[in-house]
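One structure below.
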Amino acid sequence: MATQLAKVNEIIDKYPARPSVLIQLLLDIQGQFNWISRETIQCVSDRLGVPVSQIYRVASFYKAMSLKPRGKHVVNVCLGTACHVRGANRLMSKMEDTLGIKPGETTEDKKFSLERVNCLGCCALGPVMLVDKDYHGKMTPARVEPILKDYK
Amino acid sequence: MSELILTIDGKEVRTEEGKSVLEAAKGAGIDIPTLCYHPALEPFGACRLCLVEIESQGRQRVVTSCNYPAENGLNVLTRSPEVLELRKGVIELFLAQAPGAEKIRELAKEYGVEEPRFKLGAPDEKCILCGLCTRICEERMGACAINFVNRGVDRQVETPYQVTREIDMDVCRACGACAFVCPTGAITIEDITPKTPIPILSEFEEGLAQRAPVYIPFAQAVPNKPVIDKTQCVHFATGGCKACEAFCAPQAINFEQEDEVIEVEVGSIIIATGFDLFDPSVIRQYGYGRLDNVLTSLEFERMVNSAGPTGGHIKMKDGREPESIAIVHCVGSRDENYHEYCSRVCCMYSMKFAHLVKEHTGADVYEFYIDIRSFGKGYEEFYNRVLEEATVFIRGRPAEITDIAETPEEEGKLIVQFEDTLVGKQRRQPVDMVVLSCGIEPRRDIESIARLFNISRSADGFFLEKHPKLDPVATMTDGIFVAGCCQGPKDIPDTVAQASAAAAEALAMISRGTVEVEAATAVVNEKICTGCQLCKQVCPYSAISFDEQKQVCRVNETLCKGCGACVGGCPSDCISLNHYTNEQLVAQIEGALF
Amino acid sequence: MARLNSPEALEKLRQEITAGRDPDKPCITLCSGTACNANGSEKIAPVFAAEIEKQGLKGEVDLRRTGCHGFCERGPIVVIYPEEICYLQVQPGDAAEIVQSIKEKKLVERLLYKDASGARIAHEPEIPFYKNQQQVVFGFNRKIDPRSIDDYLAVGGYRALAKVLFKMTPEQVLEEVKKANLRGRGGGGFPTGRKWETTRDAPGEPKYVIVNADEGDPGAYMDRSLLEGNPHSVLEGLIIGAYAIGSHQGFIYVRAEYPLAVENVNIAIRQAREYGLLGENILGSGFGFTIDVHRGAGAFVSGESSALMTAIEGKVGEPRPKYVRTAVSGIWDRPSNLNNVETWANVPLIIGRGADWFASIGTKGSKGTKIFSLVGKVNNTGLVEVPMGVTLRRIIFDIGGGIPGGKKFKAVQTGGPSGGMIPEKFLDAPVDFDELTKLDSMMGSGGMIVMDEDTCVVDVARYFIDFLCDESCGKCVPCREGLKHMREILNDIVGGRGKPGDIELMEGLSKIMARASLCALGQTAPNPVMTTIHYFRDEYEAHVNEKRCPALVCKELIAYHIDPARCQACMICGRECPVNAISGGKGIIHVIDQQKCTRCGTCLDVCPARFRAVTKLSGEPVPAAIPERERVLVREKK
């Protein structure tokens, strides 16, 4: 925990201590830890002078931030329009069945988190999913299991 | 600020630049419904109820009046068919969202919205997410304890991590502003914080009602103006809030104002500082402060007052109307443990209470007295009338008031334990409510006032008048008079009489235009005076002052009564009394002897 | 790198760069946009580098990773200059052959574009997808390395900036943009010049200029490709705009979902600063300007101008209830001018080539070109740039190559969640701001999602409403509650629980939402429902009245059925069925148990195309299973 807070402080030190940097800061923290913990919020609040409830609100408002710990791998299934018309829903159903979780949840073994995104901006490759930093285009339900196997 | 003229519903409305259409309409008495608007908060534009149709530069538009700036020549329609249709649609959405909100149901009725055609929210749902609570908490109170969380259809008002159950992140001051502004009663302080809110009790209502930190002390206060209680006001605690400022149209609120000490030069002073009510909590056996429904006479007085906190309804703590009331006389008076004197007013006001109880309720009244002292004009007649109203008078001072029942009939009641001295028996009387007729005692600061004005006090602690029969309003110091209960317990007619007398005495001095001073006054021989100031200490009239420059004492001849105390007290023998100098006295003695 | 202190120094540098480059020297360019990266472009680059070395061509053949070429469907794309030979769907294994072919001046036939007739096309500009486009804004994307400012300078970059700073007054710049009649490419199509002027004339200092790269419309990604592929053009446009407006501080608001764009734009800013094209005293002109990159954290509503500015202030990106334009009172209540990426990227072109040239492209009310992201059920998906006024048919059929699988075109969705669906009968309508609005849709940021006959419009409408439920900020009642009920009703309709009157109820609700909502998101939220009801009312009615989904999409309204006459009892579907709803064995005709079936569609997917035994039914009863004894399949002995 102490090391985590040290890292958080390091991130905060990169920015001027102004409330306007809040979102950038939280994005960095999210990127570092994959989620934003309660201690982190308290720490950011103390350093920036922004009330806890405002930080909590920001973190709950934006899709890129998570207030719950996430799995080792984050699976983002794109449900943009282009992907939708090409059957992204069936991909999502398959993913839900395979992982046994709904979007926004994390598997019990903390290996995968499932998220729905509203467009990854690779519409030509639809249906698309993003696992961590790897894009997988032209997905079919049948490809779900083999791909997930590669993520240990 | 320049004036703007616009038309609202065909009526010409004048307003100032910078005002919104809503403010302009309100100023002209035109009603526009709102839910998320509050004069002390920035416009939020979320409830969409204040929609109006405007015509500006030939274009017609529907806008929210709460944040649309008033413009010259703007034509506003607050109830056009379009506006009414949209408003109806919005109310229908609100009604489906929060079917439990009384305010919404009222609006629905007003606008003819029947059962919503959409799926209803939970029947007890009241929150309409207007954001008044979160905004007052942030913008005014500066606490930011609650906020919106999530977005879209999942938006809610919450504390971070629902801290109502945990205290460590709790920044709520339990000020209650959120619950206060909530239009639908959806929020309570218990939802927000585990802290127990400490209510601000109204002094005038004897703590039976709450008041705001900014308040008018009591009806017909002089001056009849609100005051800010610095110890409670959030602004003085945090520098924020200032909501009252937003409401005050004449901008009369001044947060910088300080208490001032004003010096006024006057010729005479009438002291009418009043009294304190005896605090019955020191009589432990009467249970005041410990037992609900044991009240002081002043609390009861507020309760039976139709302008009081209960609107004149006699109510117990649980809201029920009592079926029996005991009134205990001489609480703190005629009691060698507290005050030996009779407070003079208690018998009569106790009987007035009995009369009022009979008038308001059907409760039985028991008066516990030592002697009935109904000595004034018409008082005895009133006593007889109260007797006829079937008030039970019991002669005997109660020994104890308790809630420990000994018989089933006493369950849930207060029991007055007393000796009925007419029968000579110990008895117990169960009642629902007990009123303690507390006596009058000198004000707690009477000592310092006495010292300030150099007035003596009698053995009972009240101010001592110059002469009980010959000069009952004057004091030993010329020009200082006393009136009312500061001089001793008395009822209103006596007080009025004494006060009139004091006023007359003061006026007599003024109309005379001159003050007769004592011929025989003390005089200091400044050549010999060493400036030891012993004389100053012994002077009972504060007539001697010390001249810092010359380092000598000097006598104020208008104050000096020629008592000679200083003459005898001067160690260097430099003070003499006019007409009573050593030479004169020696001459007199010589004349008498020879 | 030394700072450039005068326009002459800039030109000198440019000459040095071009002089060092041989236009005839072969150069392998590799598309490195996100889509091509996703297809493996990242892995191919080192393979090419190694191969060049291995074949002893080091120094003779250049390798350049460029921005997005647009033809994302066929990525990764490799183009060999100077001939512009285009290879599609290149894999690491193809590198050796390609390098070899350069050496031998040959073509790798199998990687070339193949047209409908089967003929191969070698040169990129001749591929129909490109041939019918007019790539003006997007053109440099495929020629330059987005991480090299020298590449941008080599194609004439920052020349417009030098011209503006030394030969034009701010007023002249403003006039030029107004004369070009450039309209905002982000959504509403507001005239850019007028917007600039408002900010310029508004009282208050400092003034801000902002690039909106919070491209939230699902199905649109041209801003991403521009920012990734040619960030300097956006920076140059922004600096020119700042000069015209009198601003010294700019912001670029990029979605955090676009990490490559964030990276490339940061690199570009650093390079520009090193060359003295940003910062104090740009090119010695005395004009100073700085840019901060602000990452958006995933909120569609933050694309709304006031919400975006609130987000830049570090707060929750919610629209502000103000009737004062953000151009007058924006970030920290200061005048702030917001344009999207594509709009800014047009600015250097207008200055460089003149307003008259720009105004010569396009239609009366809409000048210049527009980049569309052509996606969905279309053969050639990707980014296409065409002059305003080109017809939908030309975009979808000539450039896009029509609908795959011989299916019928049904509608094209434009303008994102705020736009509408345009049916077949308007295919010949010219595409510009005003024409699309006439068709109850809008330009939006340029998403164009093609739908074929297998797309259910009610399902798409529900999709958009679902999207908006998630993306609305939830502040005002009509939008938040209206969307909630709209979703409820649509779910009922696609779920077979629709009631008569539901369509009318949605129409009524749409009006309240459109007129009473706080911001543009809420006001346009009912559009997907409104236009689909308008153009495809019969489909809604089929759902509500007949409980039938004409496109055979809505799960609760369809059934899968195995045609006993076609079933060859191969057991594939039975094995794949996730819920074991298919009975039958080897030689026994398969039957789907409708009670167990979850309508996942797996059986239809796996049934071999030559059998086509699985069919979808809607609005009609599923034929009863054939009697047990008839299920035994008697195969004809060969």
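Cβ separations smaller than 6 Å between residues 6+ apart or across chains give the following pairs from segment C:458-479 residues that are facing another protein chain (nearest Cβ under 8 Å) to residues that are acidic (Asp, Glu) and buried (at least 24 other Cβ atoms within 10 Å of the Cβ): C:473/C:318; C:475/C:318.
When residues of segment C:600-631 are filtered for being touching a strand residue (DSSP E or B) at 6+ places or on another chain (Cβ under 6 Å) and either closer than 19 Å to residue C:557 by Cβ or loosely packed, with under 13 Cβ neighbours inside 10 Å (or both), how many remain?
Taking segment C:600-631 first, the residues touching a strand residue (DSSP E or B) at 6+ places or on another chain (Cβ under 6 Å) are C:603-604, C:607, C:613-618, C:622, C:625, C:631.
From the residues that got through so far, the ones that are either closer than 19 Å to residue C:557 by Cβ or loosely packed, with under 13 Cβ neighbours inside 10 Å (or both) too are C:603-604, C:614-618, C:622.
Within segment C:600-631, residues that are touching a strand residue (DSSP E or B) at 6+ places or on another chain (Cβ under 6 Å) and either closer than 19 Å to residue C:557 by Cβ or loosely packed, with under 13 Cβ neighbours inside 10 Å (or both) number 8.
Candidates in segment C:185-214 are the residues that are modelled with pLDDT under 90 and open to solvent by less than 10 Å² (accessible area, probe 1.4 Å); of these, the one that is nearest to the other protein chains (Cβ to nearest Cβ) is C:185.
Hey, which of the strands (runs of 3 or more DSSP E) in segment C:1-96, taking only ones fully inside, have at least 1 residues that are of a type in the set (Phe, Trp, Tyr)?
Values: elements: C:27-31, C:62-66, C:78-81, C:85-87.
Once the strands (runs of 3 or more DSSP E) in segment C:1-96 are filtered for at least 1 residues that are of a type in the set (Phe, Trp, Tyr), what remains is C:78-81, C:85-87.
Every test in (1) part of a helix (DSSP H, G or I); (2) of a type outside the set (Ser, Thr, Tyr); (3) closer than 28 Å to residue C:413 by Cα is passed by residue A:119 save one, and that test is (1).
Quick one: is residue C:384 surrounded by fewer than 24 Cβ atoms within 10 Å (Cβ to Cβ) and of a type in the set (Val, Ile, Thr)? No: the conditions fail for residue C:384. Mind checking whether some residue in segment B:427-434 is touching a Ser or Thr at 6+ places or on another chain (Cβ under 6 Å), surrounded by 15 or more Cβ atoms within 10 Å (Cβ to Cβ), part of a strand (DSSP E or B) and basic (Lys, Arg)? Taking every residue of segment B:427-434 in turn, none turns out to be touching a Ser or Thr at 6+ places or on another chain (Cβ under 6 Å), surrounded by 15 or more Cβ atoms within 10 Å (Cβ to Cβ), part of a strand (DSSP E or B) and basic (Lys, Arg).
Quick one: in segment A:82-138, of everything that is among the acidic types (Asp, Glu) and more than 11 Å from chain C (Cβ to nearest Cβ), which residue is farthest from residue C:41 (Cα to Cα)?
Residues of segment A:82-138 among the acidic types (Asp, Glu): A:96-97, A:105, A:108-109, A:115, A:132, A:134.
If we keep only those that are more than 11 Å from chain C (Cβ to nearest Cβ) as well, we get A:96, A:105, A:108-109, A:132.
Numbers: A:96: 30, A:105: 32, A:108: 35, A:109: 33, A:132: 18 Å.
In this case the residue turns out to be A:108.
Select from segment B:149-163 the residues that are open to solvent by 30 Å² or more (accessible area, probe 1.4 Å) and away from chain C (no Cβ under 14 Å) and write down the one among them that is modelled with the highest pLDDT. Looking at residues that are open to solvent by 30 Å² or more (accessible area, probe 1.4 Å) and away from chain C (no Cβ under 14 Å), I get B:161.
Restricting to segment B:34-48, name every residue that is more than 13 Å from chain C (Cβ to nearest Cβ) and in contact with a Leu (Cβ under 8 Å, 6 or more places away or on another chain). Of everything in segment B:34-48, just one residue is more than 13 Å from chain C (Cβ to nearest Cβ) and in contact with a Leu (Cβ under 8 Å, 6 or more places away or on another chain), namely B:38. Evaluation of residue B:561 against the conditions (1) touching an Asp or Glu at 6+ places or on another chain (Cβ under 6 Å); (2) assigned to a strand (DSSP E or B); (3) open to solvent by less than 70 Å² (accessible area, probe 1.4 Å) shows that the sole unmet condition is (2). Only residues that are within 13 Å of chain C (Cβ to nearest Cβ), out of contact with any Pro (no Cβ under 6 Å at 6 or more places or on another chain) and open to solvent by less than 20 Å² (accessible area, probe 1.4 Å) were counted across segment B:49-89, and they come to 15. Only a single item in (1) under 27 Å from residue C:221 (Cβ atoms); (2) open to solvent by less than 30 Å² (accessible area, probe 1.4 Å); (3) assigned to a helix (DSSP H, G or I); (4) assigned by TED's automatic domain parsing to the domain that holds residue C:235 is not met by residue C:141, and it is number (4).
Residue-level check: of (1) at positive phi; (2) within 14 Å of chain B (Cβ to nearest Cβ); (3) without any contact (Cβ under 8 Å) to a residue 40 or more places away in the chain; (4) not basic (Lys, Arg), residue C:333 misses just (3). Scanning segment B:109-148 for residues that are open to solvent by less than 50 Å² (accessible area, probe 1.4 Å), within 14 Å of chain C (Cβ to nearest Cβ) and within 30 Å of residue B:247 (Cβ to Cβ) yields a total of 12. Summed over segment A:50-81, the residues that are more than 8 Å from chain C (Cβ to nearest Cβ), within 17 Å of the chain's Cα centre (by Cα) and part of a loop (DSSP other than H, G, I, E, B) give a count of 7.
For every residue, the table says whether it meets (1) in contact (Cβ under 8 Å) with a residue 24 or more places away in the chain; (2) out of contact with any strand residue (DSSP E or B) (no Cβ under 8 Å at 6 or more places or on another chain); (3) surrounded by fewer than 18 Cβ atoms within 10 Å (Cβ to Cβ); (4) in a loop (DSSP other than H, G, I, E, B).
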residue: B:186; (1), (2), (3), (4): yes, yes, no, yes
residue: B:203; (1), (2), (3), (4): no, yes, yes, yes
residue: B:219; (1), (2), (3), (4): yes, yes, yes, yes
residue: B:225; (1), (2), (3), (4): no, yes, yes, yes
residue: B:230; (1), (2), (3), (4): no, yes, yes, yes
residue: B:246; (1), (2), (3), (4): yes, yes, yes, no
residue: B:249; (1), (2), (3), (4): no, yes, yes, yes
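Residues being part of a helix (DSSP H, G or I), modelled with pLDDT of 90 or more, in contact with a helix residue (DSSP H, G or I) (Cβ under 6 Å, 6 or more places away or on another chain) and within 30 Å of residue B:549 (Cβ to Cβ) are entirely absent from segment B:494-502.
Within the span defined as segment A:31-49, one or more residues are under 22 Å from residue C:308 (Cα atoms) and within 14 Å of chain B (Cβ to nearest Cβ). Within segment C:388-417, the set of residues being among the polar types (S, T, N, Q) and open to solvent by less than 20 Å² (accessible area, probe 1.4 Å) comprises C:413, C:414. Among the helices (runs of 4 or more DSSP H) confined to segment C:423-541, the ones with at least 1 residues that are open to solvent by 20 Å² or more (accessible area, probe 1.4 Å), at pLDDT below 95 and of a type in the set (A, V, I, L, M, F, W, C) are located at C:502-516, C:520-524. Per the listing A:131, A:117, A:44, the residue uniquely buried (at least 20 other Cβ atoms within 10 Å of the Cβ), touching a helix residue (DSSP H, G or I) at 6+ places or on another chain (Cβ under 8 Å) and either assigned by TED's automatic domain parsing to the domain that holds residue A:10 or β-branched (Val, Ile, Thr) (or both) is A:44.
Looking only at segment A:134-143, filter to residues that are more than 18 Å from residue C:42 (Cβ to Cβ) and surrounded by fewer than 21 Cβ atoms within 10 Å (Cβ to Cβ); which one of those is modelled with the lowest pLDDT? Outline the logic, then answer.
Just the residues of segment A:134-143 that are more than 18 Å from residue C:42 (Cβ to Cβ), to begin with: A:139-143.
If we keep only those that are surrounded by fewer than 21 Cβ atoms within 10 Å (Cβ to Cβ) as well, we get A:140, A:142-143.
Numbers: A:140: 86, A:142: 83, A:143: 87.
Filtering first and then ranking leaves A:142.
Here residue B:176 passes the criteria (1) under 29 Å from residue B:237 (Cβ atoms); (2) open to solvent by 20 Å² or more (accessible area, probe 1.4 Å) except the one numbered (2).
Among the criteria (1) polar (S, T, N, Q); (2) over 40 Å from the mean Cα position of the chain (by Cα); (3) within 14 Å of chain A (Cβ to nearest Cβ), the one residue C:583 does not fulfil is (3).
Specify the residue that is surrounded by the most Cβ atoms within 10 Å (Cβ to Cβ); the eligible residues are those in segment C:307-330 that are within 14 Å of chain B (Cβ to nearest Cβ) and more than 17 Å from residue A:58 (Cβ to Cβ). Lay out the reasoning, then the answer.
Taking segment C:307-330 as the starting set, the residues that turn out to be within 14 Å of chain B (Cβ to nearest Cβ) are C:307, C:310-311, C:315-325, C:328-329.
Still in the running and more than 17 Å from residue A:58 (Cβ to Cβ): C:321-325, C:328-329.
Working: C:321: 22, C:322: 17, C:323: 14, C:324: 14, C:325: 17, C:328: 17, C:329: 19.
Taking the candidates together, the pick is C:321.
The values are calculated or read from the model by the stated rules, or taken from the named source; none is laboratory data. What you see is a predicted model; the values in this text were computed from it and never measured. Here the Cβ is made from the backbone with ideal geometry for all residues, glycine too, and neighbour counts use every protein chain on show. Heads up: the accessible areas ignore ligands, DNA and RNA and are worked out on the full protein's heavy atoms, side chains in. Shrake-Rupley method; radii C 1.70, N 1.55, O 1.52, S 1.80 Å.
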